[in-house]
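Worksheet for the structure shown next.
The values are calculated or read from the model by the stated rules, or taken from the named source; none is laboratory data. On a predicted model such as this, the values are computed, not experimentally measured, just so you know. Cβ sites come from the backbone with ideal geometry, for glycine too, and all protein chains shown count toward neighbours.
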Amino acid sequence: MEDYINSFPEATQKILREVRDAIRSVVPEDTEETMAYGMPTFKYLGNVVHFAAWNNHIGFYPTPRALTEFSERLSAYEGAKGSVKFPYHLPMPLELIKDITRFRVQENIAKKKK
């Protein structure tokens, strides 16, 4: 993951580290940080979230269900079925990223219990 982050300009690296640190702060201690689909990925009982840097935004990839759950808070951002774009020219919504990540962890825990 560090190689991925280091491959971007300094300003983008800073944002990527902020996003990574926000996610790290809310996932269980034994969550795996890895690369999947060419993106930084957090796994706990399955995929939790992915994120990636693009030319004009950070792509955040939880799941379609998570995006539906947070649709009101995400309404200011562009997105697709399973992704949302957080533009660089706006403050990074780190609290929202944390809340979505917590939701995803809980989804994975619930799925595992079934």
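Just a few scattered comments:
- Total residues in the stretch 67-92, condition more than 15 Å from N56 (Cβ to Cβ) and in contact with a helix residue (DSSP H, G or I) (Cβ under 8 Å, 6 or more places away or on another chain): 7
- Residue list for the stretch 1-16, restricted to those being in contact with a strand residue (DSSP E or B) (Cβ under 9 Å, 6 or more places away or on another chain), in a helix (DSSP H, G or I) and more than 10 Å from A53 (Cα to Cα): D3
- Those residues of the stretch 12-27 which are over 14 Å from the mean Cα position of the chain (by Cα) and either more than 21 Å from P93 (Cα to Cα) or free of Cβ contacts under 8 Å to residues at least 12 places away in the same chain (or both), in sequence order: Q13, K14
- Taken across the stretch 72-80, residues that are within 15 Å of the chain's Cα centre (by Cα) and among the polar types (S, T, N, Q) do not occur at all.
Condition check ((1) closer than 18 Å to Q106 by Cβ; (2) more than 11 Å from the chain's Cα centre (by Cα); (3) among the hydrophobic types (A, V, I, L, M, F, W, C); (4) modelled with pLDDT under 95) across all residues:
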{"site": "E29", "(1), (2), (3), (4)": "yes, yes, no, no"}
{"site": "M39", "(1), (2), (3), (4)": "no, no, yes, no"}
{"site": "G59", "(1), (2), (3), (4)": "no, no, no, no"}
{"site": "R65", "(1), (2), (3), (4)": "yes, yes, no, yes"}
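- Top-ranked residue of the stretch 54-106 - restricted to ones that are among the small types (G, A, S) and in a helix (DSSP H, G or I), ranked as surrounded by the fewest Cβ atoms within 10 Å (Cβ to Cβ): S71
- Residues of the stretch 53-71 satisfying the condition of being of a type in the set (G, A, S) and touching a His at 6+ places or on another chain (Cβ under 9 Å): G59
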